[in-house]
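Asker: What follows is a single structure, and I will ask about it in a moment.
The values are calculated or read from the model by the stated rules, or taken from the named source; none is laboratory data. All values derive from a computational prediction rather than experimental measurement. No Cβ is skipped: glycine too gets one built from the backbone with ideal geometry, and neighbour counts run over all protein chains shown.
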Amino acid sequence: MTTAKQGSASRSLFTRLSQTTSHWAGKPQTFFIALAIIVVWALSGPFFGFNDTWQLVINTSTTIVTFLMVFIIQNSQNRDTAAMQIKLDELINKIEGAREELLDLEELDEDKLEEMRQEFEELARKARAAREGHSA
């Protein structure tokens, strides 16, 4: 079994479903299919007399799809964020002189993150000032 197939087989059913759904949900074709469904629904209004059931069909359908997509999108975003964090951690770990205390920033509370953000803003201000001083 190849490495790609081993990786695919080791992922949970929900992960595979989430990745596939996210992949297809982001395609232009999916948008146009959804748009076509809405157009067909709207055009069917006169046939059903624009009654409550006709309206309930689209309201219920879109609510269910939206509800389920929230979980799929969040799952995909969580995985993407975790993967990016691991890659950044690897870079920080391998760069000589990098501050290793930055490896777990995502675990810090808001106040500590804000303090560190201000520290980096100050470093950026100093770097800009130094650059402007040299170009004058």
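Asker: Among the numbered conditions (1) over 30 Å from Met116 (Cβ atoms); (2) part of a helix (DSSP H, G or I), tell me where Phe50 comes up short.
Answerer: So the condition that Phe50 fails would be (2).
Asker: Please indicate, with yes or no, whether at least one residue in segment 83-92 is assigned to a helix (DSSP H, G or I), out of contact with any Lys or Arg (no Cβ under 9 Å at 6 or more places or on another chain) and within 30 Å of Ala34 (Cβ to Cβ). Give the steps one after another, and end with the answer.
Answerer: If we filter segment 83-92 for residues that are assigned to a helix (DSSP H, G or I), which is where we start, we get 83-92.
From what's left, out of contact with any Lys or Arg (no Cβ under 9 Å at 6 or more places or on another chain): 83-91.
Checking which are within 30 Å of Ala34 (Cβ to Cβ) leaves us with 83-84.
The answer is yes, given that some residue of segment 83-92 is assigned to a helix (DSSP H, G or I), out of contact with any Lys or Arg (no Cβ under 9 Å at 6 or more places or on another chain) and within 30 Å of Ala34 (Cβ to Cβ).
Asker: Which helices (runs of 4 or more DSSP H) does segment 1-44 wholly contain that include 1 or more residues that are loosely packed, with under 11 Cβ neighbours inside 10 Å, modelled with pLDDT of 90 or more and not aliphatic (A, V, I, L, M)? Quick ask: steps written out before the conclusion?
Answerer: Details: elements: 3-10, 13-25, 28-43.
Those helices (runs of 4 or more DSSP H) span 28-43.
Asker: In this structure, does Phe67 turn out to be surrounded by 10 or more Cβ atoms within 10 Å (Cβ to Cβ), modelled with pLDDT of 90 or more, out of contact with any Gly (no Cβ under 9 Å at 6 or more places or on another chain) and within 21 Å of Thr21 (Cβ to Cβ)? Before the answer, list the steps.
Answerer: On the way: surrounded by 10 or more Cβ atoms within 10 Å (Cβ to Cβ): no; modelled with pLDDT of 90 or more: yes; out of contact with any Gly (no Cβ under 9 Å at 6 or more places or on another chain): yes; within 21 Å of Thr21 (Cβ to Cβ): yes.
Spelling it out, it is not the case that Phe67 is surrounded by 10 or more Cβ atoms within 10 Å (Cβ to Cβ), modelled with pLDDT of 90 or more, out of contact with any Gly (no Cβ under 9 Å at 6 or more places or on another chain) and within 21 Å of Thr21 (Cβ to Cβ).
Asker: Taking Ile58, is it loosely packed, with under 11 Cβ neighbours inside 10 Å and assigned by TED's automatic domain parsing to the domain that holds Leu17? If you could, list the steps in order and put the result at the bottom.
Answerer: Details: loosely packed, with under 11 Cβ neighbours inside 10 Å: no; assigned by TED's automatic domain parsing to the domain that holds Leu17: yes.
In short, no.
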